[in-house]
Each structure stands twice: as structure tokens, then as C-alpha cells.
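Structure first, commentary second.
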Amino acid sequence: MPKKKSPPKQEPQKNHSLKTAPEKKPTPETPSHKNPQQETTFSHTQAQLQKALKHLKISEDAETLLEHPKESLQVTIPLRMDDGSLKTFQGYRVHYNDVLGPTKGGIRFHPQVSLDEVTSLAFWMTIKTAAVGLPFGGAKGGVIVDPKSLSKKELERLSRGYIRAIYDFIGPDKDIPAPDVYTNGLVMAWMADEVNTIARKQIPAAITGKPISQGGSQGREEATALGAYYVLKEHEKANSWAPKKITVAVQGFGNAGYHITQMLHDDGYQIKAVSDSKGALLAKKTLDPKSIMEHKEKAGKLEGVFCHGTVCDLVDHEKITNAALLEADVDLLILAALENQITKDNAKNIKAKTILEIANGPTTPEADEILEKSGSVIIPDVLANSGGVTVSYFEWVQNKRGLQWTEKQVHKKLKPIMTSAYADIAKIAKEKKTDLRTAAYIHALKRISQGIDDKGTASYFQG
Ligand code: GLU
């Protein structure tokens, strides 16, 4: 078990400039469910689904239902800015499939959010929760906003406004939101408080990823990284790796990226390169994640680390681009930023032979094929980052039953879920002679399609 580290501050809590975002006029859009040729992120999810369906037979009903989200909500959130003006922001919440239980998934605040992206993320939540065997379906939410351009008070009003807009669409036995990119425990605390205010009673199980004082679970903060760490340790064992000999590059130095880097650093892995949205650095010797994070927090971005003498003195490093980080000559590449990072355009330049996906959807299906041919192994998002939603499930169970588990209890429950999911998926990959992503989908689809069939399929109704 890795030692607990003091968590880094989350992005939205910093940089509260009073300036507002440049006027953005998002246009409503519909994801392409029908035309897989069109290069949308949703078309990637359907290509992944079709690839897995070559290996298992599911009922026509199940296949049809998995091709579309169950329901999608688009809302306009009015926000009173600090200067008195009124702005509006577009928000979404998508329930993809709820056959295995209430839908579950985070809320993203990001300028690039779109209905296509949120639908894709909701699909991946459906696969992810089923792959690890949680009694949940998949959902996702998002608001088109650059949270760094809002003041803290504006961010609070936006978070509460989003909940007011989607209130009837969520609930502890219906759809349970959680943090995602650029949202964190504080945002969840505001959202949970808004739920309670509207309901005029406490409904702690309505939102997960809350601060401990608000009914959050111990271990939720580092859960995504810890889950990925447990999975990687199984992979390390299966491949007889000596950690000290493994060089690592990490794209994305947010919550999950930072924590996994620290855990691997503690185990002796050589951290060679890290990046955030503003820049990347490559070191000759191993980097120290903690001191990088301290400097990143002071500077507000990783790039600022170059201006601080201490880190420059500590390690001999050079500034590289984010694109170069992905192509760094390392053994293990950790993708902990956003989707569509490795595409057909850069896949052939990737040197890492193992890729750990902590972000959702960082590798496109075309890139998957290229990497597979070049002998790279991808530990897929739906397995590698499922520790976050698993501890969210623990939080939901504790809230519903009035329990408070210790961090040790949480870790003890998380580890077997992650290690057995890895074992099951690796076994399917071996049996079906396929990659780990397809194996994870097969594993998940068996559960989902069983759920759909158990409610009655066409063959039942046709006698
Ligand atoms: N946003 C995280 C994910 O993509 C966590 C979701 C949750 O805890 O419900 O898995």
C-alpha cells in the first residue's frame, strides 16, 4: 500500500481572477449516433463496441440499446457575474444506460465540453461500471466553461445553477454525479448543498466525491490513481518488471496524474517526463513529483517550474512540448489528461511499449490498431481509471447506510476489486487472443447484455 501523500490543490480553487471568460456562444449539437464514418468521439465508442461484439454474441435488443444514450438533457445556466452582468453557460447530463442500476458519472467543467463528448463519456461509464462489477449504469455531465476564468464565487454560483437546472434528472436512486476534469471536492460540496437545499432535507448519497466533512469517503481523493496503481502492480507482476528499470512519462499532472506519479516514484520507477496543459519537462535523472507539484502550485502551471531555481537545480531537465512528451523514449506512458491524445497521426511515433490510460478515451480506435501492430500494450481507461467510481460506490453505500469507513477499510475493499478485474480481463484477452480494451468490453458487455435480456428480449416476446 503506498503511503498517503498530502493531496495537491485542485485547479478550480486557484487563479481566481475576477476576469470573466471571453464570450462563448456554444451551438447546440447532436452527437452522431448514426454515422460511424464521421470522426466524432462518439463514433470511437461505437467502433470499440463493434470490435468487442466480434468476440461475443449478445441479443439484438442489447446491441440496439447500446447504440444510443437512454436520455440526454441540455440546459442553459444563467450566471450572475461578480460585475453584475448576466452570462449563460451550456450544460449537459446524459444517462447512457441504466440496466445494471442507477446511472453514475462525473461532471466536467471545460471549454471543450460538447454533447458528443459527454455522451461518449457516459458510454464509457456504462462499460467501466460493468467491467468492475458495480451495481451502476453510466452517465456523465458537463458545462462548457473555463473554470479558471471565473472567480470562486462565480464558480460556486455556476455549480449550484447547474444542479438547479438538472435537479429532476438526478437522485441517489436515479443518477449520481461526481467530480471529473476541473471539478473537485469543493464543487461537489456546493452541488450537494444545493441538492439538500432544494429537497429541504439531507440526501448525502445524491452526489459522491464530497469532502469528508460533507459525507465524503476516505480515500476518494486519490482513488483513481490508487486503482490504476493496483492494476499496474498486477501488470508489473505478470510481466516480471523491475520498477527501478522502468522509465515513465506522464501526460497530465492533475489529481490522478500527480498521485500515480508519486506512488510509482515511491516504488522506484524512473519518472522521466511530466506535462500539464501549459507545458512539459523531460529529465535526465528521475523527477521528484512532490517538489514539482509544490512549484506548480506556486506558479499556477507546470511551465512556471522552469522559473524556480530549486527545481531547476534539483534535476537536470529540458522543456519539451506536450507532443514530444507523448513520443518520449520511455517504457511506460501514462495518459492522465483528456481524450483523443494518441491518434492515427502520432501513434506510429509512440515509443512506450506500455500505455496506462487514466484519462477517459485518450487513444482513438485507429491509434489502437497502429499501437497493437507495433507491439504496445494498452491498459485501457475502463479498467485503469475505475478506482475513482469504485470508491464513489463505497461513498454511496456509506451514505445510504450511515457508515463511515476508515481509509484502511476503503483501500482493503478497493484492492481486490481492481486486482480481480485485471485478472478477469487479462484472462479474456488471452483466451480470445485480443487486446485488453476489447477484453474489458467483452467482460462488461456480458454483464450488461445479461441485464437487458433478463428484462425480456424480442425472442421472448415473439415466443
Ligand atoms: N469522473 C470519474 C470517472 O470518469 C469518476 C466518476 C464517479 O465517481 O462517479 O470515472
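The values are calculated or read from the model by the stated rules, or taken from the named source; none is laboratory data. On a predicted model such as this, the values are computed, not experimentally measured, just so you know. Note that each Cβ is placed from the backbone with ideal geometry, even for glycine, and that neighbours are counted across all protein chains shown. Each accessible area value is taken on the protein alone, full model and side chains, heavy atoms only, with ligands, DNA and RNA left out. Shrake-Rupley method; radii C 1.70, N 1.55, O 1.52, S 1.80 Å.
Taken as a whole, the structure places Gly361 among residues that are within 16 Å of the ligand (Cβ to nearest atom) and in a loop (DSSP other than H, G, I, E, B). Quick one: count up the residues across the range 378-417 that are within 13 Å of the ligand (Cβ to nearest atom), within 22 Å of Thr354 (Cα to Cα) and in a helix (DSSP H, G or I). Total satisfying the criteria: 6. Checking Lys174 against (1) touching a Phe, Trp or Tyr at 6+ places or on another chain (Cβ under 6 Å); (2) open to solvent by 10 Å² or more (accessible area, probe 1.4 Å); (3) among the basic types (Lys, Arg): exactly one of these is not met. Which one? The single condition Lys174 does not satisfy is (1). It is to be established whether one or more residues within the range 112-120 are assigned to a loop (DSSP other than H, G, I, E, B), farther than 23 Å from Arg437 by Cβ, of a type in the set (A, V, I, L, M, F, W, C) and within 16 Å of the ligand (Cβ to nearest atom). For the range 112-120, residues assigned to a loop (DSSP other than H, G, I, E, B), farther than 23 Å from Arg437 by Cβ, of a type in the set (A, V, I, L, M, F, W, C) and within 16 Å of the ligand (Cβ to nearest atom): present. Mind checking whether some residue in the range 217-237 is of a type in the set (A, V, I, L, M), more than 16 Å from the ligand (Cβ to nearest atom) and either at pLDDT below 95 or under 24 Å from the mean Cα position of the chain (by Cα) (or both)? Within the range 217-237, one or more residues are of a type in the set (A, V, I, L, M), more than 16 Å from the ligand (Cβ to nearest atom) and either at pLDDT below 95 or under 24 Å from the mean Cα position of the chain (by Cα) (or both). Of the residues making up the range 430-463, those that are assigned to a helix (DSSP H, G or I), over 23 Å from the mean Cα position of the chain (by Cα), surrounded by fewer than 20 Cβ atoms within 10 Å (Cβ to Cβ) and of a type outside the set (Ser, Thr, Tyr) are Lys430, Glu431, Lys432, Gln450, Gly451, Asp453, Asp454, Ala458, Phe461. Here is the figure for the range 99-133: residues that are over 22 Å from Thr76 (Cβ atoms) and surrounded by fewer than 23 Cβ atoms within 10 Å (Cβ to Cβ) total 5.
Out of the range 268-286, which residues are farther than 17 Å from Ala323 by Cα and assigned to a strand (DSSP E or B)? Once the filter is applied, which keeps residues that are farther than 17 Å from Ala323 by Cα and assigned to a strand (DSSP E or B), the range 268-286 yields Gln270, Ile271.
This table checks each residue for (1) out of contact with any Lys or Arg (no Cβ under 9 Å at 6 or more places or on another chain); (2) more than 13 Å from the ligand (Cβ to nearest atom).
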position	(1), (2)
Leu65	yes, yes
Pro69	yes, yes
Leu86	no, yes
Thr129	no, no
Leu134	no, no
Ser149	no, yes
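The set of residues in the range 103-154 that are of a type in the set (A, V, I, L, M), touching an Asp or Glu at 6+ places or on another chain (Cβ under 8 Å) and farther than 20 Å from Ala192 by Cβ comprises Leu115, Leu121.
Among the conditions (1) more than 11 Å from the ligand (Cβ to nearest atom); (2) out of contact with any Lys or Arg (no Cβ under 6 Å at 6 or more places or on another chain); (3) within 21 Å of Ser43 (Cα to Cα), Ser159 misses just one, which is (3). Scan the range 136-153 for residues that are farther than 20 Å from Phe169 by Cβ and either touching a strand residue (DSSP E or B) at 6+ places or on another chain (Cβ under 7 Å) or surrounded by fewer than 22 Cβ atoms within 10 Å (Cβ to Cβ) (or both) and the total you get is 7. Scanning the range 76-87 turns up at least one residue that is open to solvent by 60 Å² or more (accessible area, probe 1.4 Å), β-branched (Val, Ile, Thr) and in contact (Cβ under 8 Å) with a residue 24 or more places away in the chain.
This table checks each residue for (1) basic (Lys, Arg); (2) over 22 Å from the mean Cα position of the chain (by Cα).
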{"residue": "Lys319", "(1), (2)": "yes, yes"}
{"residue": "Ala324", "(1), (2)": "no, yes"}
{"residue": "Leu335", "(1), (2)": "no, no"}
{"residue": "Ala347", "(1), (2)": "no, no"}
{"residue": "Ala367", "(1), (2)": "no, no"}
{"residue": "Ile370", "(1), (2)": "no, yes"}
{"residue": "Ile379", "(1), (2)": "no, no"}
{"residue": "Asn385", "(1), (2)": "no, no"}
{"residue": "Ser392", "(1), (2)": "no, no"}
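So that you can scan it fast, the table gives a plain yes or no per residue for (1) within 25 Å of Phe394 (Cα to Cα); (2) open to solvent by less than 30 Å² (accessible area, probe 1.4 Å):
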site	(1), (2)
Asn184	yes, yes
Glu194	yes, yes
Thr197	yes, no
Gly219	yes, yes
Thr247	no, yes
Val250	no, yes
Asp266	no, no
Ile271	no, yes
Gly279	no, yes
